[in-house]
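These notes are about the structure you will find just below.
The values are calculated or read from the model by the stated rules, or taken from the named source; none is laboratory data. Quick caveat: nothing in here was measured; it's all calculated off a predicted structure. FYI the Cβ positions are ideal-geometry reconstructions off the backbone, even for glycines, and counts take in every protein chain you see. Note: accessible area is taken over every heavy atom of the protein model, side chains too, but ligands, DNA and RNA are not part of it. Shrake-Rupley method; radii C 1.70, N 1.55, O 1.52, S 1.80 Å.
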Amino acid sequence: MSYTLIEKCLEVKMIYTNLKDTLQNKNIAKKVQECIEYTNKNLEELKKLEGGAYDIELGIKMHVNTYETGTEEDKIMETHLKNLDVQIMLCGEEYVAFNTSNNMKVEKTEEEKDLVIYSGNVLFNVLLKEGDVLILYPNDVHMPGLKVKESKKIKKLVFKVPLNEL
């Protein structure tokens, strides 16, 4: 790995963990811990939910996303300005492509949707499997939904944690 690539990787703030990793999960922001605990406590019920947005007892928005994985041509590189993403894979697997906002070009900002769309190259991919958790900060440009071997349907939770509540 080149020095430049190592430097770029160090700019990424995302956290990769698993629902069962109690040691690491105790050392992350309280509101993020609550999302993980909520998922562990309600796992079987959450797997049965239909896709959509839900207001949950934690006082934050939870999205249940179900979709077919695909290729980079079908997806967008994105980040968020006001919310941290806590993505938890319920069923299936996908690659999530990453880079940092410093390495990308802003194409569009939709403040009302808390969405910034970028163009640029993928720095690396992370494999997200059942039970895995990704915590994404505003500089973590990500492209979820990439197929692993072939396109498959996945289901995951995305908690939108306001940055001012961390």
Worksheet item: Out of the stretch 132-148, which residues are modelled with pLDDT of 95 or more, open to solvent by 10 Å² or more (accessible area, probe 1.4 Å) and of a type outside the set (A, V, I, L, M, F, W, C)?
Response: ASP132, PRO144, LYS147
Discussion item. Between a residue in the stretch 147-160 that is assigned to a loop (DSSP other than H, G, I, E, B) and any residue that is open to solvent by 30 Å² or more (accessible area, probe 1.4 Å) and of a type outside the set (Gly, Ala, Ser), which pairs come within a Cβ distance under 8 Å, given they are 6 or more apart or on different chains?
Written reply: LYS147/THR71; LYS147/TYR95; VAL148/GLU93; VAL148/TYR95; VAL148/LEU127; SER151/GLU68; LYS152/GLU68; LYS152/GLU93
Worksheet item: For GLU57, are the conditions met, namely being open to solvent by 70 Å² or more (accessible area, probe 1.4 Å), out of contact with any strand residue (DSSP E or B) (no Cβ under 9 Å at 6 or more places or on another chain) and within 22 Å of ILE28 (Cα to Cα)?
Response: yes
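Filter the stretch 101-131 down to the residues that are assigned to a strand (DSSP E or B), open to solvent by 40 Å² or more (accessible area, probe 1.4 Å) and in contact (Cβ under 8 Å) with a residue 40 or more places away in the chain and list them by number. Outline the logic, then answer.
Here is the first cut: in the stretch 101-131, the residues assigned to a strand (DSSP E or B) are 105-110, 115-119, 124-128.
Narrowing further to those that are open to solvent by 40 Å² or more (accessible area, probe 1.4 Å): 105-109, 119, 124-125, 127.
Matches in the stretch 101-131: SER119, PHE124.
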Worksheet item: Pick from the stretch 90-100 the residues that are in a strand (DSSP E or B) and not aromatic (Phe, Trp, Tyr): which of them is surrounded by the fewest Cβ atoms within 10 Å (Cβ to Cβ)?
Response: CYS91
Response to the item:
Checked the stretch 8-49 for anything outside any strand (DSSP E or B), farther than 27 Å from ASN102 by Cα and touching a strand residue (DSSP E or B) at 6+ places or on another chain (Cβ under 7 Å); matches are LEU19, GLN24, ASN25, CYS35, ILE36, THR39, LEU46, LYS47, LEU49
